[in-house]
Amino acid sequence: MIEEDEKGLRPSLQEERKIRDRRLRHDDKRVRRGMQRHLCLVLDFSKTLLLQDLKPSRYHCLLSTCEAFIKEYFDQNPISQLSIIITKNSKAEKISELSGNPSRHIQAMKDSIATEGEPSIQNALDVALSTLCYVPKYGSREVIFISSSLTSCDPTDIQKTTIPQLQQEQIRVSFIHLAAELHICKFIAEHTNGSSKVILNEEHFQDTIMLSCQPPPSMGKVEASLVEMGFPQRYTSTIPTLCICHEKFKYSGYICPRCGSKSCELPTDCQICNLSLVSSPHLARSYHHLFQIPLFQEFNWRDSDSIIKCFSCLLPSLNTSQLYFSCPRCHQVFCLDCDLLIHESLHNCPGCENNFDQSHNNDNDNNNNNGNGNSH
Amino acid sequence: MVIIESTDEEEYDTSLLVIIVDTNIYSWGNRILQMSNKTESTSSTKLGSSLIGFNTFVEHLMVFINLHLMLNQENQIAVISSQIGEARFLFPEPHQSQSTKSEQKSIQNIILGKLLHLDTTIKETNQESTSSNFSAALSLSLCYINRIKKEVPIIRPRIFVLNISPDASSQYISVMNCIFSAQKQSIPLDTCILSQQDSTFLQQASHLTNGIYLKPQRQENLSQYLISTFLMDTYSRKLLQCPTLKSVDYRATCFCHKRIVDIGFVCSVCLSIFCSYSSSCSTCGTKFSLKIEIPKSRKSLSQPSSQEQPTNNKDKVEY
């Protein structure tokens, strides 16, 4: 009953394995990562964006992929910030300031529709520099440049002025090319610890950019510091009061614990006293980069006599063309869909949560110790 | 395209309801104690908040489950129990091969049978911790929803938690992971608290996922609360006035003294929270640069008491 191709492999499964490998390709090494990220997303809005080698066009592909990336970025890094810079007509322009609100960035990106002229790598990087140099030293500074054209229109020599400044400010510049790689881009990426990648198709573009959602390992010696943060409570009052961010009357909001002003959403910086306001769930959300769950190993269904069943969704293995995986810690079996969900979105192994592995599990102990402190 | 989708939304109002029932034997046992104390003191009826035992609770729950299934022929249900140290499916049964659409009576029987069985199994286990494994139950329900969504893409899932045990702080991170995953898939998480204390976890969960948080005052009328608040699907909620929370506590607890803090110091490397400034992080051992002495002095001026306890950080975990 098993379908095989001429090499004796089951073709349908091979395809699924590949998909899984591609999607779960993050490094699970324990390294120090810059948890609070400040990212400038530079978009090349030159006229080359109208080319139709990516379907329906590079422009639409770029917009939809970046929208997905911004959402994923803030989901994975809730206390990080992002700013969007576009470059066209040999100029660069910041269309959204560094902030933590995904919808504002996506709206700004959609509002800037006109694509024209040539890009300017140097101008774009200079704008990014001027944005990122005010960021506190403990946060990581990154630029992701999505370049679509093969030319650049720069005012001076980028090698003499911009690159040393980038190095000095410890800004990591990574490039994603929609067309082909440029020597200067690769040069910049190499000298700033970034990466330079060329995409193959729309899907690969999505995969490549999504890899940047995981915080990169911090470079060299990073200044660590204790950051003062406020944990405001959310109040709903019967009388609307002014919020500080929109200057509108709102019924509910977060009250800054230091100055008592009202903000509409978290995380943000209090505009009155400049205290960074976060909520404890946001901090807890960032912990999964530090305590990752192990990759599951493929489970050979021939090993068991009875019908195997996914532990978490109860999906039985009725047909043979299904992949099953088992967790190395708790040895429970999961189906492919659950495996992807667990690693991409949930970041919890239901089996390990169920304490099937209490005796030999140091990682979870560590995790729990941290959790103790965060009970509210 | 968008217009068609929105009409679709109104037409297909089938929903998948995953109910997480807290069957912690200690909490329900305490409940019996509380109830007997109440009946001894004569002024019990004046207090207003009346409590119910497990049997009555299950009766109310069954009414609710049956109503949910009768509301729409294609409505689906899953029931997960979170008990001490473990979470498991009550319905659908894990050991049955692909359960076909069984009638409502048998669903009720399955759940009741499972609940009867549960009580005996808990007594045999002898574990130190007495908290329900809520995070495992949430993880299971999210995986199950993921599967049903693949099978029936138009179904609208939601999670309903009936909780009686206090929060277990050791589960905080895993519960938060689940909540953010639910938020990303826009699955609302409704909560009905049967104990007398509010649950901070579930307040945050309901607020973050746009769910309803309710602590019924008169528990003998539980089915009334369930029907009027938790029965409607996600679409009709937009048209109705749902109970809102007056305040949600998003404050954190510091790692060093387990105090609740409004303003804390967060290590930039491992994101540990401390209530006062120190020169190195006790969790990850990082030495901090002395450049941000300024906030320290400001803090110590306003709150001299925070310096009283010496930081005994040396015996903490390092990784």
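The values are calculated or read from the model by the stated rules, or taken from the named source; none is laboratory data. This one's a predicted model, so the numbers in the text were calculated from it and none came from an experiment. Here the Cβ positions follow ideal geometry from the backbone for every residue, glycine too, while neighbour counts run over all protein chains shown. For accessibility, only protein heavy atoms count, side chains too; no ligands or nucleic acids. Shrake-Rupley method; radii C 1.70, N 1.55, O 1.52, S 1.80 Å.
For region A:197-235, the tally of residues that are among the aromatic types (Phe, Trp, Tyr) and closer than 20 Å to residue A:78 by Cα stands at 1. Tallying residues that are closer than 30 Å to residue A:16 by Cβ and either modelled with pLDDT of 85 or more or of a type in the set (S, T, N, Q) (or both) within region A:268-293 yields 1. Filtering region A:33-53 to residues that are open to solvent by less than 10 Å² (accessible area, probe 1.4 Å), more than 30 Å from residue B:272 (Cβ to Cβ) and not in a strand (DSSP E or B) leaves A:45, A:46, A:49.
Being outside any strand (DSSP E or B), more than 11 Å from chain B (Cβ to nearest Cβ) and under 20 Å from residue B:151 (Cα atoms) is the requirement here; does residue A:322 meet it?
Working: outside any strand (DSSP E or B): yes; more than 11 Å from chain B (Cβ to nearest Cβ): yes; under 20 Å from residue B:151 (Cα atoms): yes.
It is true that residue A:322 is outside any strand (DSSP E or B), more than 11 Å from chain B (Cβ to nearest Cβ) and under 20 Å from residue B:151 (Cα atoms).
For region A:123-145, filtering for residues that are open to solvent by 30 Å² or more (accessible area, probe 1.4 Å) and of a type in the set (Val, Ile, Thr) leaves 1.
Could you pull out the residue among A:298, A:265 that is among the acidic types (Asp, Glu), open to solvent by 20 Å² or more (accessible area, probe 1.4 Å), modelled with pLDDT of 80 or more and farther than 30 Å from residue A:80 by Cα?
Numbers: A:265 fails: farther than 30 Å from residue A:80 by Cα.
Of A:298, A:265, the one residue that is among the acidic types (Asp, Glu), open to solvent by 20 Å² or more (accessible area, probe 1.4 Å), modelled with pLDDT of 80 or more and farther than 30 Å from residue A:80 by Cα is A:298.
Selection over region B:264-287 of residues that are over 21 Å from residue A:292 (Cα atoms) and open to solvent by 30 Å² or more (accessible area, probe 1.4 Å) gives a count of 3. Restricting attention to region B:225-253, the residues that are charged (D, E, K, R), free of Cβ contacts under 8 Å to residues at least 24 places away in the same chain and in contact with a strand residue (DSSP E or B) (Cβ under 7 Å, 6 or more places away or on another chain) total 2.
Counting only residues that are surrounded by fewer than 20 Cβ atoms within 10 Å (Cβ to Cβ) and not aliphatic (A, V, I, L, M), which one in region A:331-344 is farthest from the chain's Cα centre (by Cα)?
This residue is A:331.
So, in region A:106-121, how many residues would count as being surrounded by 21 or more Cβ atoms within 10 Å (Cβ to Cβ) and either farther than 15 Å from residue A:95 by Cα or within 14 Å of chain B (Cβ to nearest Cβ) (or both)? Selection size over region A:106-121: 3.
Out of curiosity, is residue B:165 part of a loop (DSSP other than H, G, I, E, B) and in contact with a helix residue (DSSP H, G or I) (Cβ under 8 Å, 6 or more places away or on another chain)? Answer is yes for this residue.
Okay, residues lined up against (1) surrounded by fewer than 19 Cβ atoms within 10 Å (Cβ to Cβ); (2) at pLDDT 90 or above:
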position: B:51; (1), (2): no, no
position: B:64; (1), (2): no, yes
position: B:113; (1), (2): yes, no
position: B:130; (1), (2): yes, no
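Residues that are at the interface with chain A (Cβ under 8 Å from one of its Cβ atoms), without any contact (Cβ under 8 Å) to a residue 40 or more places away in the chain and of a type outside the set (Lys, Arg) were ranked within region B:140-157; the one that is least open to solvent (accessible area, probe 1.4 Å) is B:143.
Yes or no: residue B:80 at pLDDT 80 or above, in a strand (DSSP E or B), closer than 22 Å to residue B:227 by Cβ and assigned by TED's automatic domain parsing to the domain that holds residue B:156? Steps first, please.
Values: at pLDDT 80 or above: yes; in a strand (DSSP E or B): yes; closer than 22 Å to residue B:227 by Cβ: yes; assigned by TED's automatic domain parsing to the domain that holds residue B:156: yes.
Considered against the rule, which asks whether it is at pLDDT 80 or above, in a strand (DSSP E or B), closer than 22 Å to residue B:227 by Cβ and assigned by TED's automatic domain parsing to the domain that holds residue B:156, residue B:80 comes out as yes.
Within region A:65-83, does at least one residue satisfy the condition of being open to solvent by less than 20 Å² (accessible area, probe 1.4 Å), on the phi < 0 side of the Ramachandran plot and assigned to a strand (DSSP E or B)? Yes; the residues of region A:65-83 include at least one that is open to solvent by less than 20 Å² (accessible area, probe 1.4 Å), on the phi < 0 side of the Ramachandran plot and assigned to a strand (DSSP E or B).
Entry remark, region B:166-187: residues being more than 9 Å from chain A (Cβ to nearest Cβ) and open to solvent by 10 Å² or more (accessible area, probe 1.4 Å) number 2 in total. Listed by first and then second residue, the pairs with beta-carbon distance under 8 Å, at least 6 apart or on different chains, first residue in region A:55-73 and assigned by TED's automatic domain parsing to the domain that holds residue A:178, second of a type in the set (Gly, Ala, Ser), are A:58/A:148; A:62/A:148; A:69/A:212; A:73/A:80; A:73/A:212.
Here are B:239, B:208: which of them is open to solvent by 10 Å² or more (accessible area, probe 1.4 Å) and within 12 Å of chain A (Cβ to nearest Cβ)? Walk me through how you get there before you give the answer.
On the way: B:239 fails: within 12 Å of chain A (Cβ to nearest Cβ).
Every option except B:208 fails the conditions.
Residues in region B:185-224 that are of a type in the set (A, V, I, L, M), in a helix (DSSP H, G or I) and free of Cβ contacts under 8 Å to residues at least 60 places away in the same chain: B:202, B:205, B:208.
Out of A:166, A:150, A:178, A:211, I need the residue that is touching a Ser or Thr at 6+ places or on another chain (Cβ under 6 Å) and either touching a residue at least 60 places away in the same chain (Cβ under 8 Å) or of a type in the set (Asp, Glu) (or both). Which one? Before you say what the answer is, go through the steps one by one.
On the way: A:166 fails: either touching a residue at least 60 places away in the same chain (Cβ under 8 Å) or of a type in the set (Asp, Glu) (or both); A:150 fails: touching a Ser or Thr at 6+ places or on another chain (Cβ under 6 Å); A:211 fails: touching a Ser or Thr at 6+ places or on another chain (Cβ under 6 Å).
Criteria check complete, one pass: A:178.
Taking region A:215-235 as the range and being at pLDDT 85 or above and open to solvent by 40 Å² or more (accessible area, probe 1.4 Å) as the test, the residues that pass are A:234, A:235. Of everything listed in (1) touching a helix residue (DSSP H, G or I) at 6+ places or on another chain (Cβ under 8 Å); (2) open to solvent by 30 Å² or more (accessible area, probe 1.4 Å), the single unmet condition for residue B:230 is (2).
Being of a type in the set (A, V, I, L, M) and over 15 Å from the mean Cα position of the chain (by Cα) is the filter; apply it to region B:18-36 and report the residue that is surrounded by the fewest Cβ atoms within 10 Å (Cβ to Cβ). Lay out the reasoning, then the answer.
Within region B:18-36, the first condition is being of a type in the set (A, V, I, L, M), and the residues that meet it are B:18-21, B:25, B:32-33, B:35.
Next cut, over 15 Å from the mean Cα position of the chain (by Cα) only: B:25, B:32-33, B:35.
Working: B:25: 18, B:32: 12, B:33: 9, B:35: 15.
For region B:18-36, the residue satisfying everything is B:33.
Do we find that residue A:341 is at pLDDT 75 or above and not β-branched (Val, Ile, Thr) in this structure? Criteria met by residue A:341.
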